[in-house]
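Written below as structure tokens is the structure these notes are about.
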Amino acid sequence: MFEIEKYLQEAIQIAVEAGAKIEEAQKLVKQIETKENTADLVTKTDKAVEDFIFSRLSVLFPDHVMIGEESSSSKINQFSKSPTWIVDPIDGTTNFVHGFPFYCVSIGMALEGKPTIGVIYNPVLGQLFYASAGHGAYLKQGNPDQIMGNSAPIKLGSKCAELPLSLSQALLSTEYGAAKTDEYLLPKLDIIKSFISDPVSGRGIRSLGSAALSMCLIAQGVVDIYYEAGVHAWDVAAGAVIVKEAGGILRGWNQEEFDLLDRTVLCVRPSPSNDQNPPLLKELISILKPIAYPRD
Ligand code: LIP
């Protein structure tokens, strides 16, 4: 337990320092490369910030495993008994490139394959979300000094209203993802069509461009449902702990158990009754379409 608290505090410190580096780089001309296609970007800053995070973690915890989106994504399914850090140095790279203020540092840590620590820091909005298994999820806001100082954290999940009974009153968040072939895109468009049109006529869809921050909005209780297919473990490892610890529902599309490597995520915001199978979730599952992404 003491160890986990130490890991969490170090991850918070490193995330805030990494955020400062990202904001410095935001002022400069960005060097952009594409990965899968023109909507899947990586910048020099993603790589530099990942190097910074790993250099700090590996001095502190030399026997831990480090997996990062930019340097070691192919190792993602090689969990060991040692704590495994799963890092996305900038989740929301496209937003970073455009200056749209929803990008973050996402640092997760898994123990024996189970997400155990989550730290997500949005340096533009000055929001730090963090959680460790069994100890609740919190938000600190302000400048880096305020966040690292004694400013009181807000406990997430304690003040949410009851969930709406149907999708017609729900605010939903999702993403289209990087894969653009029909196999992946058409089922997603079908789901969106079902949600926005009759008879469901959902209240609204948001698409923020960061899986990690979308999960933080669930933990905050300001979005009712978030679902995405095509995410990778580094997009969701930290957010998974934050959603769960805030009291939200965290699961996959096809199974109740959340599986870090199966490329799907489905979250429902916390609610006072804590119903694990609310009508809203059943209704969403009835319009989801299967999509076969290869596992991480
Ligand atoms: C992005 C995600 C986003 C998803 C994209 C991509 P990146 O992460 O957070 O939600 O739709 O496919 O994975 O590339 O900005 O780290």
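Rule-based calculations on the coordinates, nothing more; no lab input. Remember, predicted model here, so these are calculated numbers, not experimental data. FYI the Cβ positions are ideal-geometry reconstructions off the backbone, even for glycines, and counts take in every protein chain you see.
Of the listed peptides 52-61, 179-188, what is their order by residue-averaged count of other C-beta atoms within 10 Å, with the highest listed first?
The densest-packed peptide leads the list: 52-61, 179-188.
Can you return the lysines within cross-link range of residue 155? Criterion is Cα-Cα under 16 Å, with same-chain partners fewer than 8 residues away left out.
Cross-link targets: 140, 244.
Note down, for the stretch 82-128, the three equivalent ellipsoid semi-axes (square root of 5 times each alpha carbon gyration tensor eigenvalue), biggest first, whole angstrom.
That gives 25, 10, 6 Å for the three semi-axes.
Dividing the convex hull volume of the alpha carbon atoms of the stretch 150-278 by its residue count, what do you get in Å³ per residue?
Considering the Cα atoms of the stretch 150-278, their hull volume per residue is 114 Å³.
Give the separation of the Cα centroids, the stretch 217-242 to the stretch 20-96, in Å.
Distance between centres, Cα-based: 18 Å.
Which of the GluC sites (Glu not before Pro) found in the stretch 3-69 are in a DSSP loop and have at most 16 neighbouring Cβ atoms, other than their own, within 10 Å?
Hits after loop and neighbour filter: 36.
Assuming a viscosity of 0.890 mPa s and a temperature of 25 °C, what translational diffusion coefficient in µm² per second does Stokes-Einstein assign to the stretch 1-100, Rh being the Kirkwood radius over Cα pairs?
169 µm²/s
Consider just the alpha-carbon atoms of the chain and return their Rg together with their Dmax, both in angstrom.
Spelled out, the Cα radius of gyration and Dmax of the chain are 18.1, 56 Å.
Quantify how much of the Cα-Cα distance distribution of the stretch 1-47 extends past 15 Å, in percent.
60 percent
Suppose only helical runs count, i.e. DSSP H with n ≥ 4. What mean residue ellipticity at 222 nm does that imply for the chain under -39500 (n - 2.57) per run, divided by all residues and rounded to the nearest 500 deg cm²/dmol?
Helix contribution divided over all residues of the chain: -10500 deg cm²/dmol.
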